[in-house]
Structures are given as C-alpha cells and as structure tokens.
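Undergrad: One structure, pasted below without further comment.
The values are calculated or read from the model by the stated rules, or taken from the named source; none is laboratory data. Remember, it's a predicted structure, so these values are computed and weren't measured experimentally. Note that each Cβ is placed from the backbone with ideal geometry, even for glycine, and that neighbours are counted across all protein chains shown.
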Amino acid sequence: MKKIKPLIVLGSLLIALTLIIPAVLVLPFSGEHRASGKLGEDIIKNTGSPAKETQAAVSAADPAVEVAVFRSAKSKIENVPLEDYLVGVVAAEMPVEFKEEALKAQALTARTYIVKRLLTKDTLGAPKGSQVTDTPIHQAYKSDDQLKKDWGAKYDEKRKKILDAVRATSGQVLTYKGEVITATFFSASNGYTENSEDYWSGTYPYLRSVSSPWDKSSPKFNFQKVLSIKDIETKLGVKIGSGGTIGKVVEKTTGKRVGKVDFNGKVLTGKEIREKLDLRSSDFAWERKGDNIVITTKGFGHGVGMSQYGANGMAEEGADYKKIVKHYYQGVEITSAETMLATLTARK
C-alpha cells in the first residue's frame with residue numbers, strides 16, 4: 001500500500017494541472033485583449049450556425065464596454081455591448097448590399113463616433129441616463145429582433161456579412177494627431193464633400209472638402225421637390241416677389257454647395273434654407289413654375305465627412321476600407337482603441 005500512495009499523489013497532481021493550466025492560458029485573452037486577437041476569429045469559424053457566430057463575436061470583442069441606447073419607439077434605455085451595437089448601427093446606416101470594404105469603412109467610422117462620445121462623456125441630444133439615441137441624430141441603430149423582421153429568411157446571411165465587417169475592424173478607431181476624430185458621415189455627395197466650417201461652426205483639419213465622383217451614379221444624386229411660393233416665403237421669412245429671380249446666390253462653399261442667398265437684403269445660409277425647407281442637400285437650384293417653385297438638389301445629407309455611396313463606389317473600384325477612410329478623413333491614422341476601451345471599463 002505504501003508504494004501505491006506516491007502514484008495516487010502523482011495522479012492527483014496531474015489532474016490538478018490539467019484543470020489549472022487551461023484557465024491560466026485563457027486569462028490573457030479576456031476583456032479588451034480579445035478585441036483584435038485571433039482567438040475570437042477561431043471560435044467563430046468553429047461554431048455551427050450564424051446565430052452562434054453573433055454571440056461568439058460579441059463575447060470575443062469588448063464585453064465589458066456597453067452603450068446605453070435610448071430606444072425611441074419604446075422610450076426606454078437598453079444597455080448594448082459595444083460590438084453588438086456596431087452591428088446594429090452598420091445594418092441601420094448602410095445598405096447590406098454594399099461591398100464588404102464599404103461596410104468595413106462604415107463599421108470603423110461608427111466605432112470611432114461612439115468611442116469618442118463615450119470618452120468625452122458627451123450625451124448631447126440623448127435623454128438622461130442614455131449615451132445615444134437610435135436615430136440619425138446620433139447614429140441609427142436596429143436591434144437584432146428588428147433585423148430579423150426586416151430580413152426574414154435572409155437574416156443569417158445578411159447578419160453574417162455585417163458581423164464580418166465589424167469584426168474585420170475590431171478594436172480600431174480613427175485618430176488625428178493622437179486624438180479620436182469626430183467621424184461624421186452622410187448618404188451621398190454632390191460630387192464633393194464639404195469643409196466642416198462651411199456647414200458647422202467648427203473647423204476640423206481632417207474634415208476637408210474632397211472629390212467624390214462615385215456618387216454621381218447613386219440613386220440619391222438628383223432629386224426634385226415642389227413647394228408653393230407662399231409656403232417658401234412663410235418657412236424662410238422672406239418675400240420672393242413676382243420676378244423671375246428667387247433670391248441671389250452670393251456665396252458658394254468649397255464643396256460647391258450654396259453658401260449664402262440674398263433675398264432683397266435678408267441673407268440666409270444654404271444650411272438654413274436646406275433645414276427650413278427640408279431639402280436633401282444644400283446644393284440646390286430652383287425655378288418658378290406658376291405659383292410653385294421646383295427645387296432640384298444634388299446629393300443627400302450635410303456633406304461633411306464620409307459619403308456612404310462614395311465609399312461603396314471606391315470599394316467597387318477595388319479600394320479597401322483603409323484607403324476609403326483616409327480619402328474622406330484627411331491626415332488620419334487607424335489606431336488601436338485597446339487602451340481607450342480599457343479606460344472606459346475602468347470607469348465602471
């Protein structure tokens with residue numbers, strides 16, 4: 001019996017080691033370390049259904065970071081894991097039929113937007129207790145349940161495409177001289193993007209006007225809207241009169257949009273006119289037709305930052321997501337967000 005005891009002890013040690021060693025090896029991959037690591041990709045490749053892939057990707061990304069999203073339809077706040085939130089944003093903001101590299105560019109800009117907001121504790125426009133809404137005021141967002149309803153039988157296929165785009169940019173944000181940028185984006189340009197100060201008050205060195213010729217083939221490039229003269233006068237607070245001239249454009253922006261219009265001494269910016277008349281773009285032209293005015297716009301959105309249709313056009317020509325974002329955001333770098341995300345986690 002005395003000879004057997006060492007064998008029992010040795011066996012016990014071996015069993016203990018088989019339990020302890022795997023646990024120790026897993027520790028370095030927990031939390032933020034898994035955001036850009038290979039471990040999450042391997043787990044996802046080896047799971048069965050796309051539904052399981054979603055859970056694996058979320059758990060393998062940034063499980064400790066959550067986004068408090070105000071769900072406008074329900075008037076309630078939902079805490080959503082960061083990467084899961086990004087899947088919902090990309091799905092809501094960009095057509096899933098777009099090229100993979102365009103979807104990656106959208107995922108990167110969406111992550112940059114929300115990480116900056118979380119870091120600066122910016123809750124402007126969000127109800128108390130939330131960090132963002134699920135509307136385009138911040139970033140449009142759809143939950144998994146909404147996507148299932150929208151996509152029906154193609155849910156698994158479409159979800160996987162967007163999930164892959166988010167995962168491909170996992171842990172990355174856009175920075176300018178070490179600072180996370182304000183990553184604004186919009187639907188389609190008029191052929192050019194805008195300088196930030198031509199639409200908003202702030203000047204950002206990376207939000208410069210660049211050419212975006214790909215948008216010209218977009219279904220959102222041209223649009224017409226008809227309004228009565230009386231309606232326009234009321235909304236703009238001006239008098240148009242009976243002449244053929246409907247205000248005089250006295251200034252154009254660098255992005256070739258309407259900068260300012262003079263209505264017999266009252267000057268309005270292109271942005272003011274766009275917002276008051278609910279136009280798709282501040283690149284507009286108009287002409288009188290009887291008691292109405294026909295307004296033709298080019299592009300869709302404010303025009304500052306990345307054009308979504310432009311991004312897809314670049315992707316169709318073979319550009320990868322890195323080239324896309326560096327075209328629309330001048331002088332930026334793609335940076336690891338690991339330390340930043342760790343900061344957010346430490347605040348909890």
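Undergrad: Of everything in region 328-348 that's among the hydroxyl-bearing types (Ser, Thr, Tyr) and assigned to a strand (DSSP E or B), which residue is farthest from THR175 (Cα to Cα)?
TA: SER336
Undergrad: Could I ask something else about it? Please pick out the residue among TYR309, TYR321 that is touching a Leu at 6+ places or on another chain (Cβ under 8 Å) and not hydrophobic (A, V, I, L, M, F, W, C).
TA: Of TYR309, TYR321, the one residue that is touching a Leu at 6+ places or on another chain (Cβ under 8 Å) and not hydrophobic (A, V, I, L, M, F, W, C) is TYR321.
Undergrad: Hey, any hits in region 103-111 for a residue that's in the same structural domain as GLN308 (by TED's automatic domain parsing) and surrounded by fewer than 17 Cβ atoms within 10 Å (Cβ to Cβ)?
TA: No.
Undergrad: Looking only at region 139-157, filter to residues that are assigned to a helix (DSSP H, G or I) and among the aliphatic types (A, V, I, L, M); which one of those is nearest to ALA92 (Cα to Cα)?
TA: Once the filter is applied, the top-ranked residue is LEU147.
Undergrad: Further, regarding this structure: Checking VAL325 against (1) part of a helix (DSSP H, G or I); (2) over 17 Å from the mean Cα position of the chain (by Cα), which single condition isn't satisfied?
TA: Failed condition: (2).
Undergrad: What is the number of the single condition among (1) in contact with a Pro (Cβ under 8 Å, 6 or more places away or on another chain); (2) under 19 Å from VAL325 (Cβ atoms) that THR193 does not meet?
TA: (1)
Undergrad: Can you pull out every residue in region 110-134 that is touching a helix residue (DSSP H, G or I) at 6+ places or on another chain (Cβ under 8 Å) and in a helix (DSSP H, G or I)?
TA: Within region 110-134, ALA110, ARG111, ILE114, VAL115, LEU118, LEU119 meet the criteria.
Undergrad: Using the structure shown, decide if SER170 is in contact (Cβ under 8 Å) with a residue 12 or more places away in the chain and either over 16 Å from GLY310 (Cβ atoms) or of a type in the set (A, V, I, L, M) (or both).
TA: yes
Undergrad: Is it the case, given these coordinates, that GLU272 is out of contact with any Lys or Arg (no Cβ under 7 Å at 6 or more places or on another chain) and surrounded by 14 or more Cβ atoms within 10 Å (Cβ to Cβ)?
TA: yes
Undergrad: Something else now. Inspect all residues belonging to region 234-243 and state whether any of them is out of contact with any Ser or Thr (no Cβ under 6 Å at 6 or more places or on another chain), surrounded by 22 or more Cβ atoms within 10 Å (Cβ to Cβ) and either charged (D, E, K, R) or within 19 Å of SER196 (Cα to Cα) (or both).
TA: no
Undergrad: Another one. If a residue must be in a loop (DSSP other than H, G, I, E, B), surrounded by fewer than 24 Cβ atoms within 10 Å (Cβ to Cβ) and either touching a His at 6+ places or on another chain (Cβ under 8 Å) or of a type in the set (D, E, K, R) (or both), how many such residues does region 161-198 contain?
TA: 2
Undergrad: Counting just the residues of region 328-342 that are hydroxyl-bearing (Ser, Thr, Tyr) and over 16 Å from the mean Cα position of the chain (by Cα), which one comes out modelled with the lowest pLDDT? Break it down stepwise before answering.
TA: Narrowing region 328-342 to residues hydroxyl-bearing (Ser, Thr, Tyr): 328-329, 335-336, 339.
Now narrow it down to the ones that are over 16 Å from the mean Cα position of the chain (by Cα): 335-336, 339.
On the way: THR335: 96, SER336: 93, THR339: 84.
Among residues in region 328-342 that are hydroxyl-bearing (Ser, Thr, Tyr) and over 16 Å from the mean Cα position of the chain (by Cα), the one modelled with the lowest pLDDT is THR339.
Undergrad: Could you list all residues from region 301-320 that are in a loop (DSSP other than H, G, I, E, B) and of a type in the set (A, V, I, L, M)?
TA: VAL304, ALA319
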